[in-house]
Amino acid sequence: MLIIGSHVSFNGTQILGALQEALSYNANTFMFYTGAPTNTIRKSIDEKYTTEALKLMAENNIDINNVVCHAPYIVNLGNKKDIDKYEFSINFIRNELKRCDEMKITKMVLHPGNAIGISPEEGLTNIAEALNKILDGSTKCKILLETMAGKGSECGRTIDELAFIIDKVKRQEQIGVCLDTCHLFDGGYDISQFDNYLDEFSKKIGLSKIGCIHINDSKNTLGSHKDRHENIGVGNIGFDTLIKIIYSDKLENVPKILETPYIGENDDDKNRIYPPYKFEIEMIRNKKFNPHFKDDIRNYYHQN
Ligand code: FE
Ligand code: FE
Ligand code: ZN
């Protein structure tokens, strides 16, 4: 069964609101940040919302094991020059895993980190060390290291870099990978030949480690290291390649999450931006690109 959803908001009624938004897109999974992705201010988890959300998920045949949390991307495990920031990041991620456990969430996506001013290998070693401090047996939720586009000094662009980190992690049952199609493409992998990528991944890491896939088209060309997401079928990856990846039988049980931009984001009128996910999910389920989908989205949300 296709497991497809998108990034949704956690504001308001937390996981319950996130679930309701996902249901409005006809999704059967979703991903959220527990607060703004750009800061580390977090509210405590309200048990009441979690209980209600789990009930509503059961009614809608949504498996909590397919629901994903995303850690904020400003924490950095790659560099310990600023030891306070490094320690803060470790503590923050450990607490984020505790929040996931409270909500029965089993997967959290993490950008591995940045190796600013140090060698890539030092960065990767710092990350592995930090992960072993974080995964101390006090939590259950898995960490999925996201494949990065290789912007600046980002760690985790190649399969080799991810394998380097993963090999050093002691609690193997708590570590995995989240593929991001835009990042792979921007990072230089020609994913129109996706089986080649999976073959290499299978040899160096193992396909069972893939816990989530972010489905995004790219505004830029192969190997551009820019990391700008585009709506499905209108970027440089293209609809057919994305469909091949989404329906790859080797990854059937892996949740697929859209992180594509809102429609109208680049327009002047910031009051009129609309989520594309209901329509992108429909195209993906139909395996058919709708060239008018942006107009359809505008019309739909004007009326509703
Ligand atoms: Fe991410
Ligand atoms: Fe992503
Ligand atoms: Zn990205």
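Key figures for this structure:
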{"quantity": "Failed item in (1) of a type in the set (K, R); (2) without any contact (Cβ under 8 Å) to a residue 40 or more places away in the chain; (3) within 16 Å of ligand 2 (Cβ to nearest atom), with K203 passing the rest", "calculated": "(3)"}
{"quantity": "In region 273-289, the residues that are in a loop (DSSP other than H, G, I, E, B) and within 23 Å of P255 (Cβ to Cβ)", "calculated": "P275, P276, K287, K288, F289"}
{"quantity": "Qualifying residues in region 175-194 (those that are open to solvent by less than 10 Å² (accessible area, probe 1.4 Å) and more than 16 Å from ligand 1 (Cβ to nearest atom)) - the one nearest to I134 (Cα to Cα)", "calculated": "I175"}
{"quantity": "So K142, is it closer than 18 Å to H70 by Cβ, modelled with pLDDT of 95 or more and among the basic types (K, R)", "calculated": "yes"}
{"quantity": "The lone exception for K43 - which of (1) part of a helix (DSSP H, G or I); (2) at pLDDT below 95 it fails", "calculated": "(1)"}
{"quantity": "Unmet requirement for F279, which otherwise passes all of (1) without any contact (Cβ under 8 Å) to a residue 24 or more places away in the chain; (2) buried (at least 16 other Cβ atoms within 10 Å of the Cβ); (3) under 19 Å from the mean Cα position of the chain (by Cα)", "calculated": "(3)"}
{"quantity": "Filter pass, E87 being within 24 Å of C155 (Cβ to Cβ) and assigned to a helix (DSSP H, G or I)", "calculated": "yes"}
{"quantity": "Which listed residue is of a type in the set (D, E), open to solvent by 70 Å² or more (accessible area, probe 1.4 Å) and free of Cβ contacts under 8 Å to residues at least 24 places away in the same chain, from E102, E122", "calculated": "E122"}
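The values are calculated or read from the model by the stated rules, or taken from the named source; none is laboratory data. Here the structure is a predicted model, which means the values were calculated and not measured. Reconstructed Cβ throughout: ideal geometry from the backbone, glycine too, with neighbour counts over all protein chains shown. When the accessible area is computed, the model is the full protein with side chains, heavy atoms only, and any ligands, DNA or RNA have been set aside. Shrake-Rupley method; radii C 1.70, N 1.55, O 1.52, S 1.80 Å.
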